[in-house]
Structure formats: C-alpha cells, structure tokens
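Data block below; observations after.
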Amino acid sequence: MSAEAYLDVVLSIWKEQGDTSTCKLSGFSMAPLLQHGDTLLIEHRPGKVRIGDVIIFKASEKLLVHRVIHKRRTKDGEFLLAKGDQSRVIDQPITPGQVIGKVLEVHGSSGHLRLTSKSWTLANYGLAALSRLAAKNEGAGRALWNAARLIKLTRSRQLVRAIRRRFRADASRETGSHQT
C-alpha cells in the first residue's frame, strides 16, 4: 500500500470516529509550543478557520500540523497560508476544504493547553503575525522563537500559580498602602 493510500485510510477512520479524535504529534516544526510526542485533540469539522488556528492538512504524502498565518480571498475563492512556527518557509496555499482538522487541545509533558480559550486565541493570533513576519525577516524569527518559548512557559501550572500569587501580593500591598 502506498503512503498516500495509507494516509487516505487513516483519514477515513478519523472521520468515522466522529467530530474529534486524538493523535500524537511527530516532528518539531511547531516547537517549542507543540512538542514531539504531545497528544493533540483534533476537531474534524472545524467550521470557520481563523488566523492563528493550528490546523492539520494533507500535503503530498503526509499530514502537517501548522499555524494559519494569513487568509486571502481571490476571484478563485479563499486560500489559507500556513507555516510551522520553526519553519522559515510558508507552505503552499491551501483551500479551507483541504483542512482536515483544527487542534483544540494539547496534552503533553508540560501540561494541558486549550487552544480555543480566549487567551490562547489572542496569543495564537499574535504568534501567527510573528510567524508571517519571520518568513520575511530572520530577526523576527528569533522574536517568534522567544515569544513561543515565553508562552510555552505559561503551560507550567506552577508558574501560573506563582504569577497569580505575585499579582495578589502586589495588589494587597497597593490596597494596604492606599488605606493609610
């Protein structure tokens, strides 16, 4: 069985499983946010795909998990531009019909990440803008890497708790100092 035929079988099984399924990520094109071995929860009928969404689509004989960095409407229809956060090259334009799914959640060694939350929707939009810039400018690529590393740190529950404690402590000091 050819690789493409095998991939078609896998895709048909996914669609038979219902609206969502899970798979393990293989590769490093979306690091450091998504790591090799992370488990992805995928929505098969994503509806509207937005800039910043992490999508799965078929390219040649493999599936790619990349971020949508731009949408373009032409007389021939709508096209999406996607790119791995680590890649300097933008993928070939795809149509929304070529999107196999959208990544909703990520489970990995760094914890649980819900990409559909309001804060992650905003962060993903920002990462898409940086990623598009990085394809044009190497310095912006370093900025993207640093931004993604910083965002990945927020996946750590201990760090999130520490930040919350710090904000509460600062707020209580400010409140206490205004009362005197």
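Any read-out appearing in this document is the output of simple, stated calculations on the displayed coordinates, not a laboratory observation. Since the model is a prediction, treat every value here as computed from it, not as a measurement. Heads up, the Cβs are rebuilt from the backbone with ideal geometry, glycines too, and the neighbour counts pull from every protein chain shown.
Annotations for the structure displayed:
- Available extension along the chain between HIS112 and LYS48 is 20.7 nm, counting 0.36 nm per residue and deducting the alpha carbon span.
- Of the trypsin sites (Lys or Arg not before Pro) found in region 17-61, the ones in coil according to DSSP and having at most 11 other Cβ atoms within 10 Å of their Cβ are LYS48.
- Entries in LYS48/LYS136; LYS48/LYS75; LYS71/LYS136; LYS58/LYS118 that, when Cα-Cα distance is taken, lie over 25 Å: LYS48/LYS136; LYS58/LYS118
- Between VAL9 and ARG88, the distance separating the two model label sites (each 7 Å from Cα on the Cα→Cβ line) works out to 3.9 nm.
- Gain in span if fully extended, THR39 to SER21, counting 0.36 nm per residue against the direct Cα distance: 5.5 nm
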